[in-house]
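Down below is the structure, laid out as structure tokens.
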Amino acid sequence: MTIKIFIDQGHNPSYYHNSGAIGNNLFEQDITYQVGIYLANLLKNNPQFEARVSRVTPTIVLGTSNITSLQERVQMANQWPADYFISIHCNANPNPNINGTEVYIYKYYSEANWLAEQVMDGITETVGTKNNGIRVNSALYVLRKTQMPAILVELGYLTNVADAEKLGSNPYGFAYGIYLGILRYFGFAK
């Protein structure tokens, strides 16, 4: 039996509703799209997994508003149905010194929590971002409404020069870090 993982590349292209953060001449939706494609390809090349993405091309616009964009992503995962949901994002902060990776979950001591810990370790080991921890945010729509364990990964801060350099130059590294975390979660790698 294959493990079905739905990868949500956060946000829509620029100039549409639900577009993402901007920093250091990088656009969140471009980074999340590329990381998601790399991650899907890594998973698809492993016979233990099936993977689908929310945005199969970088120009796809999901939904007609912020809320319907989120609803459409969740609906795709629930209807498949996926076994796990991974939403990929980049962060921003008015303070350019704030940096690092965070992973959000619906609640602690859950399957999502254990997956989040492995994904966090995979990313920070692979690309060298700071581990800002696993955080609960039960208000996030994609964590509340998915019918499977779900995590939301904030890869790094576009507004921090060092993080932006990593995000812009090494999207594959972030994807590989998530993939490594998934493999470790399932006991397929050490």
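The values are calculated or read from the model by the stated rules, or taken from the named source; none is laboratory data. Nothing here was measured: the structure is a model prediction, and the numbers come from that model. Ideal geometry is used to build each Cβ from the backbone, glycine not excepted, and the neighbour counts take in all protein chains shown.
Look through ASN91, ASN95 and report the one residue that is out of contact with any strand residue (DSSP E or B) (no Cβ under 6 Å at 6 or more places or on another chain), under 20 Å from ASP163 (Cα atoms) and of a type outside the set (Ser, Thr, Tyr). Answer to the check: ASN95. Restricting attention to segment 42-70, the residues that are surrounded by fewer than 17 Cβ atoms within 10 Å (Cβ to Cβ) and closer than 19 Å to ALA175 by Cβ add up to 9.
Only residues that are under 16 Å from GLN9 (Cβ atoms) and not small (Gly, Ala, Ser): list them for segment 144-167, please. Step through it out loud before you land on a result.
Pass one, segment 144-167, residues under 16 Å from GLN9 (Cβ atoms): 146, 150-156, 158, 167.
Selection gives THR146, ILE151, LEU152, VAL153, GLU154, LEU155, LEU158, LEU167.
Determine whether VAL142 is touching a residue at least 24 places away in the same chain (Cβ under 8 Å) and out of contact with any Leu (no Cβ under 9 Å at 6 or more places or on another chain). No, not satisfied.
For segment 51-60, the criterion of being without any contact (Cβ under 8 Å) to a residue 60 or more places away in the chain, of a type outside the set (A, V, I, L, M) and under 19 Å from VAL103 (Cβ atoms) is met by at least one residue. The residue of segment 141-173 that is surrounded by the fewest Cβ atoms within 10 Å (Cβ to Cβ), among those that are in contact with a Lys or Arg (Cβ under 8 Å, 6 or more places away or on another chain) and closer than 23 Å to ARG73 by Cα, is VAL142. Any idea how many residues of segment 2-26 are outside any loop (DSSP other than H, G, I, E, B) and either at pLDDT 95 or above or over 17 Å from SER69 (Cβ atoms) (or both)? Residues flagged as outside any loop (DSSP other than H, G, I, E, B) and either at pLDDT 95 or above or over 17 Å from SER69 (Cβ atoms) (or both) within segment 2-26 amount to 10. Give the residues of segment 10-37 that are more than 24 Å from ALA77 (Cβ to Cβ) and aliphatic (A, V, I, L, M), sorted by residue number. Residues satisfying the conditions are ILE22, LEU26.
Test VAL119 against the criterion of being of a type in the set (Val, Ile, Thr) and within 19 Å of GLU28 (Cβ to Cβ), and give yes or no. Yes: the conditions hold for VAL119.
Residue-level check: of (1) touching a helix residue (DSSP H, G or I) at 6+ places or on another chain (Cβ under 8 Å); (2) of a type outside the set (Lys, Arg); (3) at pLDDT 95 or above; (4) exposed (fewer than 15 other Cβ atoms within 10 Å of the Cβ), PRO81 misses just (1).
When each of ASN113, ASN132 is tested for being out of contact with any Leu (no Cβ under 6 Å at 6 or more places or on another chain) and without any contact (Cβ under 8 Å) to a residue 24 or more places away in the chain, the lone residue that passes is ASN113.
Can you spot a residue in segment 63-78 that is outside any helix (DSSP H, G or I) and basic (Lys, Arg)?
no
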